[in-house]
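What follows is a single structure, written as structure tokens, with notes after it.
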Amino acid sequence: MAALAGGLAPVAPVAAAAAPAPGVAGKTSHVARGRSIDIHAHYYPESYCDLVGGEGAKFGGKFTCDSTSFSFQTPAGGLGPLPLKFIRIDERLADMDASGVDMQALSLSVPMAYWAERNFNAKLAKTWNAAASAIHVQYPDRFVVLATLPMLNTSDAIDELERASELPGVRGIYIGTNINNQDLDDPLFEPVFAHIEQIGLPVFLHPQQTVGGARLGDYYLSNLLGNPFDTAIAGSHLILGGVMDRHPQLNVTLPHAGGALPMLMGRIDAGWTARPETRLLAQKPSSYLRRFNYDTVSHSGPVLDFLIQNVGVDRLVLGSDYCFDMGYEQPVTFLDRLNLSTEHRNLILGGNAAQLLKI
């Protein structure tokens, strides 16, 4: 990729903190800041980009790049133009330093490995995982990896899960809120979740192919509304479809502060009381809120306050959505909007993520 020439230069768990009770206490202190770990940071390796635009062309993939930006297009959606710092590690490190982020958990975004034929999807996942792991090896104190899986084929997803889980730096698994419009409680994915639970890696979700169609085509509503609604749908399927019951050790993080799910949980609880379709659960749906973690990409201090008060400060993890225009340029200072004690601030800043990712 000529436009990117020179752009890339080729653990024991911490002691678990006692789980704080929901709510906040005290005034934020800016002394004794803990390590900051951003769990919502996207990365596109050169090798992955070239694969989408090269071999992927026969499956409808397209990749274009100039001196300042790049774009993707696939049958499962596209993105762009995006800044080259998604790809260039030196620019990413400079941004991290400027924003006070000590470590990022690298993840793929659209297009994930769900859009082509079986062998190519597996190749996409393997290529991304290997490239992200190589960045961890080069900068082990700055990056860890959330591996992607070719989820449309169960055997391939499990094979890549087992392979990727042994790669240096892999600390979790990244999965879409739906898999090519199939919801996460589909029986196709049950063996994959069982293997993830057995291996003991946390799962991080991210919206893709979101709901709404043409009705969300204007005003960027496909992102502004589609992303949080798709997260709510995914969380609801994991709860109401029994996935969280069948896999009690499965640890799932919801993006964008849980999307619409936490705010709608009262309505879902009411449905559990009134509607027989929802009564497959032994407990009311809201009792599952603490089975999830939530990143801080809410764009709202009151929303994070709501999560702290109703779910618990021990369930929040720092996120930036690096480096999309709907993310945070300053994810660390965004926490200044909250009235947090030093202990609680440090939990959100990186303590919770360090425990989750075994850093």
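The values are calculated or read from the model by the stated rules, or taken from the named source; none is laboratory data. Note that the coordinates shown come from a computational prediction; the quantities given were computed from them, not determined experimentally. Cβ sites come from the backbone with ideal geometry, for glycine too, and all protein chains shown count toward neighbours.
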Checked the stretch 131-146 for anything part of a helix (DSSP H, G or I) and under 15 Å from His42 (Cα atoms); matches are Ala131, Ala132, Ser133, Ile135, His136
Filter the stretch 201-219 down to the residues that are over 19 Å from His40 (Cβ atoms) and either of a type in the set (Phe, Trp, Tyr) or within 17 Å of the chain's Cα centre (by Cα) (or both) and list them by number.
Tyr219
Just a yes or no: is a residue in the stretch 251-259 surrounded by fewer than 21 Cβ atoms within 10 Å (Cβ to Cβ) and either part of a helix (DSSP H, G or I) or touching an Asp or Glu at 6+ places or on another chain (Cβ under 6 Å) (or both)?
no
The stretch 1-103: strands (runs of 3 or more DSSP E) wholly inside it with 1 or more residues that are under 20 Å from the mean Cα position of the chain (by Cα) and modelled with pLDDT of 85 or more are 37-42, 69-74, 77-83
Specify the residue that is farthest from Leu240 (Cα to Cα); the eligible residues are those in the stretch 288-310 that are surrounded by fewer than 23 Cβ atoms within 10 Å (Cβ to Cβ) and of a type in the set (D, E, K, R).
Asp305
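Looking only at the stretch 278-320, how many residues end up being acidic (Asp, Glu) and touching a helix residue (DSSP H, G or I) at 6+ places or on another chain (Cβ under 8 Å)?
Step one: filter the stretch 278-320 for residues acidic (Asp, Glu), giving 295, 305, 314.
If we keep only those that are touching a helix residue (DSSP H, G or I) at 6+ places or on another chain (Cβ under 8 Å) too, we end up with 295, 314.
Total satisfying the criteria: 2.
Among the residues of the stretch 218-229, is there at least one that is in contact with a His (Cβ under 9 Å, 6 or more places away or on another chain) and not in a helix (DSSP H, G or I)?
No; the residues of the stretch 218-229 include none that is in contact with a His (Cβ under 9 Å, 6 or more places away or on another chain) and not in a helix (DSSP H, G or I).
For Ala116, indicate whether it is assigned to a strand (DSSP E or B), aliphatic (A, V, I, L, M) and at negative phi.
Details: assigned to a strand (DSSP E or B): no; aliphatic (A, V, I, L, M): yes; at negative phi: yes.
It is false that Ala116 is assigned to a strand (DSSP E or B), aliphatic (A, V, I, L, M) and at negative phi.
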